[in-house]
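Down below is the structure, laid out as structure tokens.
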Amino acid sequence: ELKPLPDLTPQHRDLLDRVCVYVYETCHPPPTEYSYRDMILKDLESFIRQEFSGSHLCLFGSSMNGFGFKGSDLDICMTLEGHETSDDLDCIDIIERLAKLLKKHLDLYNILPITTAKVPIVKFVHRPSKLEGDISLYNILAQYNTRMLNMYAAMDERVRILGYTVKRFAKICEIGDASRGSLSSYAYILMLLYFLQQRKPPIIPVLQELHDGQPKPEKMVDGWNAWFYDDLKSLPKKWPHLGENKETVGELWIGLLRFYTEEFNFREHVICIRQSAILTRFEKMWTSKCIAIEDPFDLNHNLGAGVSRKMNNFIIGAFIKGRETFGMTLRSDLYHQYTPMPYIVDYLFDAE
Ligand code: ATP
Ligand code: MG
């Protein structure tokens with residue numbers, strides 16, 4: 001039922017390259033926004049210490065993982081000195097007290113404690129910047145996946161550019177909001193990384209496997225081994241294949257859309273970035289859901305668990321449509337050197 005795609009011509013490939021780079025350049029925050037986010041964090045930390053002495057705040061998520069958009073939310077994790085884990089803490093009580101305290105902060109509004117979710121959080125909006133934020137407690141694994149994603153983003157600029165492209169694609173197609181039954185942007189980044197690891201030759205290694213035949217070092221967090229190879233400087237020596245694959249971002253972008261519509265076996269396999277060997281749903285006993293995306297550290301966590309059959313069809317439909325919009329020969333005026341980039345990008349992404 002998939003329409004055959006023509007071979008990618010050089011001009012088509014160049015256009016796709018320019019589109020991906022343009023999305024990256026218009027979406028990523030300027031360096032000043034990163035320092036601003038740090039400033040907000042430091043201010044909140046000292047404010048919170050009035051009541052919770054020994055508390056630490058730490059940014060994670062897209063503010064730190066190399067795939068942040070301008071104005072994306074502030075994901076903040078709070079820990080307390082003297083407590084390695086949250087086991088001996090009443091998290092719900094802390095979140096409620098935190099919410100009360102934050103209501104006194106003049107720069108914050110819409111303070112909302114959410115204590116019924118799997119991870120209790122308090123949400124807020126920062127008035128001067130209009131940035132939304134949430135504070136969770138002891139979300140340590142999320143800090144590890146943030147650092148690992150950041151390492152993948154840093155090793156090859158194509159990873160970063162494609163990360164923005166896929167997030168933008170998911171937003172425009174309305175398939176990128178886990179709270180509304182689709183997948184989180186984190187899940188799409190995992191899908192991207194899996195594709196780049198499976199590409200031949202691979203663009204990126206499996207960082208959790210780079211331990212040279214030695215037993216995998218142990219870095220236990222919440223009962224899971226959160227170890228991954230994290231020495232960016234020595235990576236080219238450790239993994240000599242870095243840079244071997246010369247495909248352009250445009251080729252890889254259409255490659256990604258084709259991979260998840262033509263090749264990847266959603267029925268049998270799991271999207272899994274912690275090993276290069278294929279992982280089956282059968283092995284995980286994850287056979288009831290439509291999409292299986294394994295969290296790289298919390299191996300019991302399927303990021304596709306909340307996707308209904310109907311939503312799954314909608315997501316796959318968006319990929320099929322994207323495959324055609326980006327993969328079919330485009331209207332000739334789009335290739336013209338002087339056709340404005342915003343016009344091309346709107347055309348391609350809104351054609352969804
Ligand atoms: P953005 O906010 O730009 O859409 P994000 O990566 O910050 O992207 P959030 O939904 O804000 O996405 O999640 C923040 C972080 O929390 C993620 O980067 C990831 O580290 C962690 N996270 C989010 N959803 C999950 C999940 N379902 N399972 C495990 N960790 C998650
Ligand atoms: Mg976020």
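The values are calculated or read from the model by the stated rules, or taken from the named source; none is laboratory data. What you are looking at is a predicted structure, and each value in this text was computed from that prediction instead of being measured. Glycine also receives a Cβ, built like all others from the backbone with ideal geometry; neighbour counts cover every protein chain displayed.
Filter the stretch 56-86 down to the residues that are touching a strand residue (DSSP E or B) at 6+ places or on another chain (Cβ under 7 Å), within 8 Å of ligand 1 (Cβ to nearest atom) and not hydrophobic (A, V, I, L, M, F, W, C) and list them by number.
61, 63, 73, 75
Would you mention how many residues in the stretch 173-195 are surrounded by fewer than 18 Cβ atoms within 10 Å (Cβ to Cβ) and in a helix (DSSP H, G or I)?
3
Residue-wise test of (1) buried (at least 17 other Cβ atoms within 10 Å of the Cβ); (2) under 29 Å from the mean Cα position of the chain (by Cα).
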position: 7; (1), (2): no, no
position: 14; (1), (2): no, yes
position: 24; (1), (2): yes, yes
position: 27; (1), (2): yes, yes
position: 98; (1), (2): yes, yes
position: 108; (1), (2): yes, yes
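Only one residue in 141, 149, 162 is more than 13 Å from ligand 2 (Cβ to nearest atom) and under 26 Å from residue 223 (Cα atoms), so which one is that?
After ruling out the rest, the residue left standing is 141.
Collect the residues in the stretch 293-334 that are of a type in the set (Lys, Arg), surrounded by fewer than 17 Cβ atoms within 10 Å (Cβ to Cβ) and not in a loop (DSSP other than H, G, I, E, B), keeping them in residue-number order.
Across the stretch 293-334, the qualifying residues are 309, 310, 321.
Suppose we filter 20, 77 for residues that are within 30 Å of residue 161 (Cβ to Cβ) and either touching a His at 6+ places or on another chain (Cβ under 7 Å) or in the same structural domain as residue 303 (by TED's automatic domain parsing) (or both); which single one remains?
20
Consider residue 94 carefully, then state whether it is within 16 Å of ligand 2 (Cβ to nearest atom) and in contact (Cβ under 8 Å) with a residue 40 or more places away in the chain.
Here the answer is no, as residue 94 does not meet what is asked.
Would you mind telling me which numbered condition in (1) within 16 Å of ligand 2 (Cβ to nearest atom); (2) in contact (Cβ under 8 Å) with a residue 60 or more places away in the chain residue 232 fails?
Going through the list (1) within 16 Å of ligand 2 (Cβ to nearest atom); (2) in contact (Cβ under 8 Å) with a residue 60 or more places away in the chain, residue 232 breaks only (1).
From the list 201, 236, 217, which residue is in a helix (DSSP H, G or I), modelled with pLDDT of 95 or more and over 20 Å from the mean Cα position of the chain (by Cα)?
236
Could you look through the stretch 30-76, keep only residues that are within 12 Å of residue 135 (Cα to Cα), in contact (Cβ under 8 Å) with a residue 60 or more places away in the chain and within 11 Å of ligand 2 (Cβ to nearest atom), and pick out the one that is nearest to the chain's Cα centre (by Cα)?
Checked the stretch 30-76; the qualifying residue nearest to the chain's Cα centre (by Cα) is 61.
If residue 181 passes every condition in (1) within 12 Å of ligand 1 (Cβ to nearest atom); (2) closer than 30 Å to residue 347 by Cβ but one, which one does it miss?
Here residue 181 clears every test but (1).
From 272, 290, grab the single residue that is in the same structural domain as residue 22 (by TED's automatic domain parsing), modelled with pLDDT under 95 and crowded, with 16+ Cβ neighbours inside 10 Å.
Of the residues listed, the single one that is in the same structural domain as residue 22 (by TED's automatic domain parsing), modelled with pLDDT under 95 and crowded, with 16+ Cβ neighbours inside 10 Å is 290.
Need pairs with beta-carbon distance below 7 Å; first residue within 20 Å of residue 269 (Cβ to Cβ) and within the stretch 192-220, second hydroxyl-bearing (Ser, Thr, Tyr); sequence gap 6+ or separate chains.
193/152; 197/276; 204/152; 206/276; 209/276
Inspect all residues belonging to the stretch 81-97 and state whether any of them is small (Gly, Ala, Ser), in a loop (DSSP other than H, G, I, E, B) and in the same structural domain as residue 127 (by TED's automatic domain parsing).
yes
Mind listing whichever residues of the stretch 292-337 are in contact with a Lys or Arg (Cβ under 8 Å, 6 or more places away or on another chain) and more than 16 Å from ligand 1 (Cβ to nearest atom)?
323, 324, 327, 328
If we keep just the residues of the stretch 115-136 that are of a type outside the set (Gly, Ala, Ser) and without any contact (Cβ under 8 Å) to a residue 12 or more places away in the chain, which is farthest from residue 59 (Cα to Cα)?
For the stretch 115-136, the residue satisfying everything is 116.
Every residue, every condition in (1) at pLDDT below 95; (2) within 16 Å of ligand 1 (Cβ to nearest atom); (3) in contact with a Phe, Trp or Tyr (Cβ under 7 Å, 6 or more places away or on another chain), yes or no:
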{"site": "193", "(1), (2), (3)": "no, yes, yes"}
{"site": "197", "(1), (2), (3)": "no, no, no"}
{"site": "226", "(1), (2), (3)": "no, yes, yes"}
{"site": "230", "(1), (2), (3)": "no, yes, no"}
